[in-house]
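Below: one structure, written as structure tokens.
The values are calculated or read from the model by the stated rules, or taken from the named source; none is laboratory data. Note that the structure is predicted; figures quoted are calculated from it, not measured. No Cβ is skipped: glycine too gets one built from the backbone with ideal geometry, and neighbour counts run over all protein chains shown.
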Amino acid sequence: MSDPAANAPVAGGPADALQPWLEERFVWFHRHPELSHRETGTTARLAELLDNAGIEILDTGLDTGLVAIVRGGAVDSDAEPRPTVALRADIDALPVDEDTDLPYRSLTPGAMHACGHDFHMTTILGAALLLHGIADRLPGDVKIVFQPAEEVPQGGASEVVDTGALGDVQAIFGAHTTSLLPVGSLAIGAGPICAAVDQFTIDVRGTQTHGAHPDRGVDGILIAAATVQNLQSVVSRNLSPTHDGVVSVGRFVADGAWNVIPEQVTMEGTVRSFHAEDRPMMRRRVEQVAEGTAATFGGHASVTWSAGPPSVDNDPHWTELMRRTALEDGFTVVEPIATMGGEDFACYQQVIPGAFINVGTGVIEASNHSPRFRVDPAALAPTARYMAHVARAALAELAGASGAGH
């Protein structure tokens, strides 16, 4: 699996060298998907590619995923703080069996890059190589984050933050594929663009009884069904009409029989919101509705809550830098459509200002997480160059503000 650094593209090299190099790496990543927290082969491959290119890998203690650094050579050694930005890509796949006719489809049963993380890895890898090729001219450092486990509720972003490897980072940038835009288009906007994600489990307890004699028990199914309906009042009657939110029940399990009303019913669902002040209110109301509905019918309900990532909330300043850079690079820039989907890039934004955008990778009917999802590799090189440009522009701005460059 050797990959000599001599074959890697560098800034200032042939203009057509980057795309085929990236395509080859993209194909490898797509063929070898690994699920969250199991990305050992992916991490090893990334480490090999970075090491062969001469890019330093930091010792973070992560089990999977890694953080590398391109150290700039055009900054005063005693500058404080030393201008530092980060580019982030997620690396895990989904538990999906691929159903495409791609010649490079997944070789791993039950796993597929159905959310574009193979694209994310490849483009940020390309950006790292381009930045490394001009490291002597960079007025600061660029940390390259290959993050594990974005696809699970307690995602890998918090693990990366907890290593302390990004403690000196002053701005962080990320991108995600979208099948809603053609290649050459970027969706860039300030403010909330992805929702906060919370998960709940409601356990309802009644009293088991024969279906012919409901009067002799407490009907757990009736309680649970009423709870599902009453939960919709959280959005319609408790959330501000100018705010968006969702409460959805996706799992409803009752262990009864055709003639037995069960004692216990379990429901699982999700709450999505954009505004930080809405999140605790919606949790409180879900708990009140579940407990109050159960009490109305003479039963009992308990709620277990699991908090996921907060809302992705783009910093206006760094969003404008990404927009300006995109226009300079010839991209078509559109406003993003906010989504109730979650993205743990938000965990970085809790401690580092930054911006997260969508990259058009070809308009197709299949959405993210579909077994028929695909991206157009034609977007690889333009995106890699763009992300490298964003890092350079951010460093230049930080260096100018601090007087760190020379």
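Worth a mention:
- Counting the residues of the stretch 217-248 that are in contact with a Gly (Cβ under 9 Å, 6 or more places away or on another chain) and in a loop (DSSP other than H, G, I, E, B) gives 3.
Residue-wise test of (1) in the same structural domain as H243 (by TED's automatic domain parsing); (2) surrounded by 16 or more Cβ atoms within 10 Å (Cβ to Cβ); (3) free of Cβ contacts under 8 Å to residues at least 24 places away in the same chain.
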site: R284; (1), (2), (3): yes, no, yes
site: V289; (1), (2), (3): yes, yes, no
site: E320; (1), (2), (3): no, no, no
site: R323; (1), (2), (3): no, yes, no
site: A326; (1), (2), (3): no, yes, no
site: T332; (1), (2), (3): no, no, no
site: E335; (1), (2), (3): no, no, no
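- Residue list for the stretch 298-318, filter: among the aromatic types (F, W, Y) and either within 17 Å of F345 (Cα to Cα) or out of contact with any Asp or Glu (no Cβ under 7 Å at 6 or more places or on another chain) (or both): W318
- Residue tally, condition part of a strand (DSSP E or B) and aliphatic (A, V, I, L, M), over the stretch 349-370: 3
- Where a residue in the stretch 159-188 is at positive phi and its partner, wherever it lies, is of a type in the set (G, A, S), with Cβ under 9 Å and at least six apart: G184/G330; G184/G360; G184/A378; G184/A379
- Summed over the stretch 12-63, the residues that are touching a His at 6+ places or on another chain (Cβ under 9 Å) and free of Cβ contacts under 8 Å to residues at least 40 places away in the same chain give a count of 1.
- Test: residue in the stretch 359-379 that is buried (at least 23 other Cβ atoms within 10 Å of the Cβ), assigned by TED's automatic domain parsing to the domain that holds P148, in contact (Cβ under 8 Å) with a residue 24 or more places away in the chain and under 15 Å from the mean Cα position of the chain (by Cα): yes
- Members of the stretch 380-406 found to be surrounded by fewer than 18 Cβ atoms within 10 Å (Cβ to Cβ) and part of a loop (DSSP other than H, G, I, E, B), listed by number: G403, H406
- Qualifying residues in the stretch 325-348 (those that are closer than 30 Å to V160 by Cα and in a helix (DSSP H, G or I)) - the one nearest to the chain's Cα centre (by Cα): F345
- Checked against (1) outside any loop (DSSP other than H, G, I, E, B); (2) out of contact with any Leu (no Cβ under 9 Å at 6 or more places or on another chain), L129 meets all criteria but (2).
- Filtering the stretch 356-375 to residues that are of a type in the set (K, R) and touching a strand residue (DSSP E or B) at 6+ places or on another chain (Cβ under 6 Å) leaves nothing.
- Residues considered: D76, D59. Of these, the only one that is at pLDDT below 95, surrounded by fewer than 23 Cβ atoms within 10 Å (Cβ to Cβ) and of a type in the set (D, E, K, R) is D76.
- With respect to being among the aliphatic types (A, V, I, L, M), at pLDDT below 95 and not in a strand (DSSP E or B), A114 falls outside the description.
- Test: T293 is over 23 Å from T201 (Cβ atoms) and surrounded by 16 or more Cβ atoms within 10 Å (Cβ to Cβ): no
- When residues of the stretch 168-197 are limited to those that are small (G, A, S) and in contact with a Lys or Arg (Cβ under 7 Å, 6 or more places away or on another chain), the one nearest to C347 (Cα to Cα): A196
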